[in-house]
Amino acid sequence: MAGRRRGRLPDEVRAAAVRAGMAFAFTVFTFVVALFASWAHTGLLTPALALMALGVFLLAWCLIDVVVSRQVASSRRRTPNSAAPLEGSREHGNGRRQR
């Protein structure tokens, strides 16, 4: 199969993906706890549902973080001289030549 091999993800994208995976695992775990608490008719249902809602919010936040960090990484990859300071910054010299 002739295809382009995908390269390694940048560090910030991998870190965001790991955070999203952990948030997903937390959300699934709290869902299971809420399900069992519902079946057992215990008082644990309300905190489990609250934690599950928090997990859904956290998961959405982490997925947005993954998308944004992928966009930032791809724009860095496309930009020539991405390690250079920004135009107009103090390190750049405000357009003047450094002596």
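Miscellaneous remarks
- Subset tally (residues that are modelled with pLDDT under 95 and either loosely packed, with under 10 Cβ neighbours inside 10 Å or not aliphatic (A, V, I, L, M) (or both)) for the stretch 1-33: 12
- Considering residues of the stretch 37-60 that are more than 26 Å from the chain's Cα centre (by Cα) and surrounded by fewer than 13 Cβ atoms within 10 Å (Cβ to Cβ) only, the residue nearest to A16 (Cα to Cα): T46
- Residues of the stretch 30-43 that are in a helix (DSSP H, G or I) and out of contact with any helix residue (DSSP H, G or I) (no Cβ under 8 Å at 6 or more places or on another chain): V32, L35, F36, W39, A40.
The values are calculated or read from the model by the stated rules, or taken from the named source; none is laboratory data. These numbers come from a predicted model, not from an experiment. We place every Cβ from the backbone using ideal geometry, glycine too, and count neighbours over all the protein chains shown.
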